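Below is one structure; the comments refer to it alone.
The values are calculated or read from the model by the stated rules, or taken from the named source; none is laboratory data. Being a predicted model, the structure only gives us computed values, none of them experimental. Glycine gets a Cβ as well: all are built from the backbone with ideal geometry, and neighbour counts include every protein chain shown. For the accessible areas, the whole protein counts, side chains as well, though only heavy atoms, and no ligand, DNA or RNA atoms are used. Shrake-Rupley method; radii C 1.70, N 1.55, O 1.52, S 1.80 Å.
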Amino acid sequence: MKNVFLSFLVLGVTVTTAQNASYWQQHVDYKMDVSMDLKSYQYKGKQELVYTNNSNDTLQKVYYHLFNNAFQPKSEMDMRLQSIKDPDGRMFTKLKESDEKKQSRIANLQPNEMGYLHVSNFKQDGIAAVTKEIETILEVTLARPILPGKSTTLTLDFNGQVPIQIRRSGRNNKEGVELSMSQWYPKMAEFDFEGWHADAYVSREFHGVWGDFDVKITIDKNYILGGTGYLQNANQIGYNYQDTGVKVSIPKSTKTLTWHFKAPMVHDFTWAADKEYVHDVVQVPDVATLHFLYKNDPKIKENWKKAQQKTVELMQFFNSFVGKYPYEQYSVIQAGDGGMEYAMCTLILGEGSYEGLVGVIAHEMGHSWFQHVLANNESKHGWMDEGFTTFIEDTALYELSDKKGENPLIGSYKAYYKLVDSGKEQPLSTHADRFDENRSYSTASYIKGELFLTQLEYLIGRENLLKTIKRFYHDFKFKHPTPNDIKRTAERISGAHLDWYLIDWTQTTNTIDYRIKDVESATDGIQRTSVFLERIGRTPMPIDILVEYTNGTKESFYIPLRMMNFEKENPTPSIKRTILNDWAWGNPNYFFEIPQSKTIIKKITIDPSGLMADVKKENNSYEIK
Ligand SMILES: [Zn+2]
């Protein structure tokens, strides 16, 4: 398999670009200077943003996200939290143990505990512009329209308050990390071929504009920071960021330090700070430098040390499985409220088991390739980010584990079937905030999104799937791909037609159910067995059939799906395979004959790989007694 990867990498360089020639994206370059007051958890900053309009539209308005404003009583996030049937456990308090009654933690925030982010003194190229704060969105009516192809400089002052930790960002998280600074600054919303994506911060997810960030953070000198970006003044800061051999001495009279970071081509900037961080640095040969920041706490130290070599292996695995990690640095930081992916870093909880720690690192670091480099619009197509990340996470953890237990994919299929049975499934194309329940969002986007790829293996074969993932990354990195782009990539690699698959799997809740309806044996001169199949579910599929004989031999049959215009390679070349006539979707029934000489059939099975997400497995096999 490694050789296949290598030859494809060489090919990958010469392939013509798959992107539509009319493709464009906006560009941002941020300069921010912020100072943090650790008594009030309030911060003040200045932002200068050079915004380039690469669209064909003349922009009269621009929109910023002010995420912190969600953490206020009666915000849209609070109202949603109070009305959703299965609120996030981190965001509510149970009034009584064993009591179903739950109270929103946002609803109880006092003025000095809530989050806010306000903007003042907004100017466009030095001229004042009109701003309107609509909770988590700032609408700016520009002083002058931005013409196609033109840049403008937008400056503003901002002042914020870090909310007590409820979701993702905040102060004093449950493991005692003081500052988890994600979604903390006024962030330009994305404008793309679909228009503005000025989504309010209700629950999830994120979409942003790429550009270069230059960020200066002034904070009490006793705090150690980690986050997005390369530290520019490491030899003045120290804390194990300095070059080897450099002695850093900070004069006693100095109260604060200004940390200066630069991050090229990212669509977000996140940081965390604590006085008790241990900071370890580990190199992933030829890829990137890993930074680990975690509390100096004896009960977690062993796990955090042990996880470092595993993180090296994970990064190497992702790098060869998907494509080159384009940054020089990645930081794993104990902070936040679980695990959340950010540009060049992740904020994760750190007190759990070693397996839990490695699992969350595998997932969040895996996001770097999807959320941060491909960066599809997660609010609209969360499954492409969470699902594909879950796929490489599961694959990496399985491949790198010392003792291989049950393939994690088996659990993913079970979770999808459970969602279907619940009757609460909504199409993957549902906006991330618009799922009725959190659970149906999670299973859809993490699991059904993962199965999009594993089932693609069933459709086009393992080798084509692996090539598709690499080619997709190669062609669409830093381009915000859409669902059609992964489908077209798989089509280009395999030659199969897959539009029907993208539609059924992502835009509907149609399910797959094929069955063996009947098996009849006849001996009129020569012995033969007739197999009658039926398509019950709406979603069509090509069919692999395995026939096992009483003498221990096996053979397989393959029924191509007519609308795919494709024949898959034999997935198990050790078993002789016969390609049958194709099956057209319009006909729910299919019949074929197995000619035999003297061997006796023991069992006939649809899809022995289990990769096809057939919701009713019990009718997929037939045993001859
Ligand atoms: Zn994720």
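A straight line joining the Cα centroids of the range 578-608 and the range 138-180 runs 60 Å.
Expressed as a whole percent, the accessible surface of the chain that belongs to carbon and sulfur atoms is 50, based on a 1.4 Å probe. Counting Cα-Cα pairs of the range 215-257 in 5 Å increments starting at 0 gives whole-percent bin shares of 5, 21, 33, 27, 12, 2.
For the range 384-411 versus the range 363-382, the spacing of their alpha-carbon centroids is 17 Å. On a per residue basis, the chain carries 42 Å² of accessible surface, using protein heavy atoms and a 1.4 Å probe. For the range 566-625, the alpha-carbon coordinates run over 35, 26, 23 Å along the three principal axes, in decreasing order.
Taking 0.36 nm per residue of separation and subtracting the current Cα-Cα distance, fully stretching the chain between K61 and R439 would add 132.5 nm. Taking one quarter of the surface of the C-alpha convex hull of the range 296-340 gives a mean projected area of 4.2 nm².
Take the alpha-carbon positions of the range 58-109, form their convex hull, and give its projected area averaged over all directions (one quarter of the hull surface) in nm². For the range 58-109, the mean projected area of the Cα convex hull comes to 4.9 nm². A quarter of the convex hull surface defined by the alpha-carbon atoms of the range 387-430 gives 3.6 nm² as the mean projection.
Using just the C-alpha positions of the range 36-176 as equal point scatterers, what log10 of I(q)/I(0) does the Debye formula give at each q in 0.11, 0.21 1/Å? Log-scaled intensity ratios, in q order: -0.53, -1.18.
Remark: the range 43-52, residue by residue, has Karplus-estimated 3J(HN,Hα) of 9, 10, x, 10, 10, 10, 10, 8, 10, 10 Hz, where x stands for each Gly or Pro and the curve is 6.51 cos²θ - 1.76 cosθ + 1.60 at θ = phi - 60°. Which percent of the Cα-Cα distances in the range 110-252 go past 24 Å? Percent of Cα pairs beyond 24 Å in the range 110-252: 48. Local charge for T539 was computed over the other residues whose Cβ lies under 10 Å away, with Lys and Arg +1 and Asp and Glu -1, and equals -1. Would you mind counting up the charge near V34? Only other residues with Cβ under 9 Å from its Cβ, with Lys and Arg at +1 and Asp and Glu at -1. Summing Lys and Arg as +1 and Asp and Glu as -1 gives +2.
Shape analysis of the range 226-284 yields a ratio of the Cα radius of gyration to the Kirkwood radius, Rg/Rh, of 0.97.
Using 13 Å as the cut-off for backbone N distance, which residues of the range 493-517 belong to the label zone defined by a point 7 Å from the Cα of K616 along Cα→Cβ? The answer is 511-517, whose backbone nitrogens lie closer than 13 Å to the label point.
Shown is the FRET efficiency for I410 and Q527, computed with R0 = 45 Å from the Cβ-Cβ distance and rounded to the nearest 0.05: 0.75.
If a/c stays under 1.5 just call it rounded; otherwise compare a/b with b/c (prolate if a/b is bigger, oblate if not). Do that for the range 271-316, with a ≥ b ≥ c from the square roots of the Cα gyration tensor eigenvalues. Judged from the Cα gyration tensor, the range 271-316 comes out oblate (a/c at least 1.5, b/c at or above a/b). Entry for the chain at q = 0.06, 0.10, 0.11, 0.12 Å⁻¹: log10 I(q)/I(0) = -0.37, -0.95, -1.12, -1.29, Debye formula applied to identical alpha-carbon scatterers, no solvent contribution.
Does the range 367-481 come out rounded, prolate or oblate by the C-alpha gyration tensor, with a ≥ b ≥ c the root eigenvalues, rounded set by a/c under 1.5 and, if not, prolate when a/b is larger than b/c and oblate if not? Oblate shape, in that a/c is at least 1.5 and b/c is the bigger or equal ratio. For the chain, the longest piece that avoids every one of the chymotrypsin sites (Phe, Trp or Tyr not before Pro) found in DSSP loops with at most 16 other C-beta atoms within 10 Å covers 194-477.
Relative contact order, percent, of the chain when contacts are C-alpha pairs under 8 Å separated by at least 6 residues? Relative contact order comes out at 10 percent. Pull up the DSSP beta bridges for the chain and report the antiparallel fraction as a percent, rounded to 5. For the chain, the DSSP antiparallel bridge percentage is about 85. Spin-label pair E328-V281: with each label point 7 Å from Cα along the Cα-Cβ axis, the two points sit 1.1 nm from one another. Determine, from the Cβ-Cβ distance of E399 and T93 and an R0 of 41 Å, the FRET efficiency 1/(1 + (r/R0)^6), rounded to the nearest 0.05. Approximately 0.50, to the nearest 0.05. A Förster radius of 30 Å, combined with the Cβ-Cβ distance separating S35 from Q308, puts the computed FRET efficiency at roughly 0.40. Near W24: Cβ cut-off under 11 Å, other residues only, Lys/Arg at +1 and Asp/Glu at -1. The net charge is -1. Contact order for the range 121-211, expressed relative to its length and based on alpha carbon pairs under 8 Å spaced 6+ residues apart, stands at 19 percent.
Per the Cα gyration tensor, the range 441-573 maps to an equivalent ellipsoid with semi-axes of 34, 17, 13 Å, ordered largest to smallest.
Rounded to two decimals, the Cα radius of gyration of the range 524-625 over 2.2 N^0.38 Å is 1.07. Whole-percent P(r), the range 83-144, all Cα pairs, 5 Å bins from 0: 4, 13, 16, 14, 11, 10, 9, 9, 7, 4, 2, 1.
Less than 5 angstrom separates the built amide H of E190 from those of H197, all sequence-distant by 5 or more or on a different chain. Applying 0.36 nm per residue to the separation of K554 and S353 and subtracting their alpha-carbon distance, the gain on full extension is 68.0 nm.
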